[in-house]
Number of protein chains: 2
Amino acid sequence: MFQYRPPTGDQQFVLFDLLDAPSLLGELPGYAEVDSALMTSILEEAGRFSTEVVFPINAGGDRQGCRYNDGQVRTPDGFRDAYVAFQAAGWPGLGCEPQYGGQGLPQVLNAALFEMLGSANHAWTMYVGLLHGAYECLKDHASEEIKQIYLPKIVSGEWLATMCLTEPQAGSDLGQLRTRAEPVADGTYRLTGSKIFISGGEHDMTDNIVHLVLARLPDAPPGSRGISLFVVPKRLPEGKAGAGSRNAVYCDGIEHKMGIKGSATCQMRFDQAAGWLVGEPGRGLACMFVMMNAARLHVGIQGLSHAETAFQNSLSYARERLQMKAPLRARPTEGVSKVADPIVAHPAVRRLLMTQKARVEGARALAYWTALMLDVAERHPDTARRTRARELLPLVTPIVKAMLTEDGFQCASLALQVYGGYGYVSETGIEQCVRDARVPMIYEGTNEIQAIDLLVRKILGGSDGSLKTLLAVITADARVHAEPILEAMAVCVRRVRALVERITESVRTAAARDPEAPYRIASEYLRLMGHLLLSWLWLRAARVTHATSGSTSALTPVGADKQATAQYYFQYLLPETDQLAHVIENSLAPTSLLPSLDADGN
Amino acid sequence: MFQYRPPTGDQQFVLFDLLDAPSLLGELPGYAEVDSALMTSILEEAGRFSTEVVFPINAGGDRQGCRYNDGQVRTPDGFRDAYVAFQAAGWPGLGCEPQYGGQGLPQVLNAALFEMLGSANHAWTMYVGLLHGAYECLKDHASEEIKQIYLPKIVSGEWLATMCLTEPQAGSDLGQLRTRAEPVADGTYRLTGSKIFISGGEHDMTDNIVHLVLARLPDAPPGSRGISLFVVPKRLPEGKAGAGSRNAVYCDGIEHKMGIKGSATCQMRFDQAAGWLVGEPGRGLACMFVMMNAARLHVGIQGLSHAETAFQNSLSYARERLQMKAPLRARPTEGVSKVADPIVAHPAVRRLLMTQKARVEGARALAYWTALMLDVAERHPDTARRTRARELLPLVTPIVKAMLTEDGFQCASLALQVYGGYGYVSETGIEQCVRDARVPMIYEGTNEIQAIDLLVRKILGGSDGSLKTLLAVITADARVHAEPILEAMAVCVRRVRALVERITESVRTAAARDPEAPYRIASEYLRLMGHLLLSWLWLRAARVTHATSGSTSALTPVGADKQATAQYYFQYLLPETDQLAHVIENSLAPTSLLPSLDADGN
């Protein structure tokens, strides 16, 4: 039976052993009391909520989907009740400031919460997933009056929020958006236009919905510099004329999708809807980009979520399913059926499982490390530390988003493969995981856009210093190790580090004579950088298990497990860098222009 | 709008230019009249049928699915009509002997037919997909009496057929199957047992359904040597007692699946059903294995089918969809919008498209080459030629099955990515392609089983000579070329060839001391072999365009297109072999045992 069990052991390993989060958080004002005991109890509560409240409505939500009728959206059975429980438990305000009613806890705990919610029920989590981003956006950019009206409602979860960016002609290219905002005499605006793919644009969970809408003022220049941000509530808030009445924001339909069917993906129409400007005119994209790092991290975490659920379930299945005798040596010595072994004993199945395990645990280390950096960037008292985190985040975030979502989809597909024919059957549950896991590769900026953002905009476009900072951090860590097993890993990290340095230079040189070159191999470059980060974190993970135990022979079972998984990563997954480097080098050659494909006859 | 257009140009290139199929077929008795004109006209008819009859009911079939009620299965609207048209046009008997009413045409045409049917509608094609296998199986193993009863009905398409192998406890491990066959006084048998995942086990397309069933005789030894093959019709045939009456074969339900929803995947129950033995007792698996090569080739072709449909549609979309300005040099010079370029001009999108294009065209070359080998193996008058084909087929077939289905699924996912958010919406059509494309990696022996079959059973288990034959063929072709572009490709082919030889030796040596070793990396080995075949065929494809044109500068547009795609394969796809070789080498090290994963705490 499809199940979800919070990965408490590995979460604690990453937070406490690998990253020593409590010590780091202890340095940050306001987080002095966030010790391992508090973190553990919050993780436990979040795990229980995910498992007991959110997971049980996952499969049903997929079967039933959302239903649209005349502007109204009904979410699947149980979705609203789960939200009521979420709100009652105070989860919406976990990472929000106490002055607006939040719990004032660090981003890294929010990341762990959302990992588990996403594992338990991706579709349901879509409704609450934008809440924190909307909170950050309004907190940083809205007027005091707007903050006082909206923030307490959002932090308490009384109102949910959306981000209304995409229009039919403006997806990756927001500069093309057309929604208009006309000023009216009372200082507000009237918004008119159509938005698509709006997650939670309409639903039955809260009475009010707060839309953050990108639109153009009448005198705005074309392109992305002409875009401003507005807050447009479904119902006009109290203290305003027409308080509580319906604003002219309408849902004209919902999409039928490959997955996350319980999440309402809405076509929205603004028909002279009342809106309030947030931030400066023409600075709409800048306001949104502030929350982008956190949002992209959270999409990356959805990849982790799916990989975790996929791994857990395919592992359970592989331990129970008996098929054929395993080859000698792999065969377990006890409790073996005379006819067949559990398929977990078959090396091919174990490869499918170990690949998932190494991806899951590496992804968790990378995601939580990044989330901790958000906390440091926000409030570390040491300017140098804060600056370093602020330099690294824009570099690391697109990697987390693209690599973890790609690996998440791949893991879900590997898990399905473990089930054989049963995996293709809906009842088993894993095929929903594959369908749901496909969308994070697309939204919040496609993975291709992430790669271009990393290589063209950041590395080549000016954040060269950030790359140097990152390489310095890794160099310091990948020093020569006395323990041979660790040194073998460190050698690999140093090799990838040197590869990244060399390839970055080659790309820079090639780009000077062939501006298209970096665009051709940005995706390979991103994965190469991803392996640099992952190999470094795996080295640290292996080292920390050694430091705890003293030597390889004295490893605890958990330590031995971690060490074996690290070794698997280095032996079976890191060699992808050979391919990536080779493709990049081939592509930089002057003969490597891609065919245009714009003529017929292809 | 989602569409399908037969890939006539590339089919003709592969059949006529690359493989020179008409000459080769001309050497085979009975195929003298199969010239390029006849082949072209059959391809055209098959393309028209696929496009006009089968494709229009693809999306509807997915939405509606099959409906089960009290033992009856209703296929989606239009499925039955399409079958009637298929039968009326004589397609069922395309590759069957004239003596049973067939058209006596070669396997390679059947392969092209099924590529197009699969592209147009995978689910519908499942019903007719087993017809040829059942025909071959009965033709080779059944008694004359059974042949006279069944073959004309199957060849005419009046009856459809199934293969009833899988049981709940016996999937990959057929040795565990339990269905019993008890002899009765009249020389027939009574079959009792349950089968699952039976494609087309029940439907409303034909009045009768011929089940080929694996079962055990009462005195059979355990394991796979105790399995016999029976023919069990849904309705008893004429000339028998109870002619036309219902046999005790029941459909107890159908599966709800991730994809191919229009294909009825049935749970079947045999309740003292009348059956007739086919072949010798205890030789059931051997009888089935005869048809396995053709069946596996056809599943591999389903991967090609999906990749083709995915490529066509994502290419059309990319030519129409305008988003953002493309980087310099990639930008088309004419007909450009001032605001944004068609996304086909963006290098990242072109990479997604070119990867699909190179995979599609390489897959087609490999699949048709293999199908031609089936024809040669069956009837080439020269014993040496026949023997060589019979040696190569068992080696090549698992590669075609596993590699093409994996790449087919990947291409479908790449195509979805080209569509961005629209790709995730059902209306667009591509997400169905992704869901449908997932199953060929599982059925007809999972891809992991194919890899073990290739490496452990065949390469290490005795067909070493076949590998030598294959390597000799490739060596002869990858000689030094005068034309620099061709020589650069030939260098790559020679390198992969040397790599395969070296790695095969390493695996053999490692297996002697560590029997688990080949099982750990069989999948990597299979893909490495796949690249050997594909790189060789791409070299030949590039060479043939040169031979036709005389020189690179004189290439026709079609030749230039082929050459550019070949170059893309060598620059961007072949480097996967670096990763594969590195993983295999790492895995052969004595320290590379996989963790057992059978204890808790993982």
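Put the Cα centre of region A:503-566 next to the Cα centre of region A:440-462 and the gap is 19 Å. The label-point distance for B:Ser506 and A:Glu45, in a model that sets each label 7 Å from Cα toward Cβ, rounds to 5.3 nm. Using a Cα-Cα cut-off of under 18 Å, which lysines could be cross-linked to A:Lys257, ignoring same-chain neighbours fewer than 8 residues away? Within the straight-line cut-off, A:Lys257 pairs with A:Lys195, B:Lys257, B:Lys261. When only Cα pairs below 8 angstrom with a gap of at least 6 residues are kept, region A:463-588 shows a relative contact order of 31 percent. Gyration tensor analysis over the Cα atoms of chain B returns equivalent ellipsoid semi-axes of 39, 29, 25 Å (largest first, whole Å). Near B:Lys357, which lysines are there with a Cα under 17 Å away, not counting those fewer than 8 places off in the same chain? Of all the lysines, those that pass the test against B:Lys357 - Cα under 17 Å, at least 8 places apart if same chain - are B:Lys562. When the alpha carbon gyration tensor of the protein assembly as shown is reduced to an equivalent ellipsoid, the three semi-axes, largest first, read 50, 33, 32 Å.
Computed on protein heavy atoms with a 1.4 Å probe, the accessible areas place B:Leu528, A:Leu414 in the order A:Leu414, B:Leu528, largest first. Ligands, DNA and RNA excluded, the heavy atoms of A:Asp578 present near 50 Å² of accessible surface to a 1.4 Å solvent probe. Mean partner shielding of peptide B:444-453, defined as the number of other chain Cβ atoms within 10 Å of each residue Cβ, is 3. Peptide A:583-590 has a mean of 3 when you count, residue by residue, the C-beta atoms of other protein chains within 10 Å of its C-beta. If the label point is 7 Å along Cα→Cβ of A:Ala248, which residues in region A:152-181 have backbone nitrogen under 16 Å from it? Those under the cut-off are A:179-181. Could you work out how far the C-alpha centroid of region B:243-296 sits from that of region B:74-145, in angstrom? Using only Cα atoms, the two centres lie 17 Å from each other.
Counted over all Cα-Cα pairs of region B:463-588, pairs farther apart than 24 Å make up 34 percent.
Taken along the Cα-to-beta-carbon direction at a fixed 7 Å, the label points for B:Asp35 and B:Asn69 span 5.5 nm. When Rg and Dmax are taken over the Cα atoms of region B:288-451, they come to 19.4, 66 Å.
Across region B:157-199, the residues whose backbone nitrogen lies under 17 Å from the label position 7 Å along the beta-carbon direction of B:Asp219 are B:181-190.
Here region B:100-118 is scanned for amide nitrogen atoms under 16 Å from the site 7 Å beyond the Cα of B:Glu378 along Cα-to-Cβ, giving B:100-115. Spin-label pair B:Ala241-A:Asp20: with each label point 7 Å from Cα along the Cα-Cβ axis, the two points sit 8.6 nm from one another. Count Lys and Arg as plus one, Asp and Glu as minus one, and take only other residues whose Cβ is under 11 Å from that of A:Arg63; the net charge is then -2. Partners of A:Lys139 within straight-line reach, counting lysines whose Cα lies under 22 Å from its Cα and excluding those fewer than 8 residues away in the same chain: A:Lys147, A:Lys153, A:Lys234, A:Lys240.
The values are calculated or read from the model by the stated rules, or taken from the named source; none is laboratory data. Remember, predicted model here, so these are calculated numbers, not experimental data. No Cβ is skipped: glycine too gets one built from the backbone with ideal geometry, and neighbour counts run over all protein chains shown. The accessibility values were calculated without ligands, DNA or RNA, using every heavy atom of the protein model including side chains. Shrake-Rupley method; radii C 1.70, N 1.55, O 1.52, S 1.80 Å.
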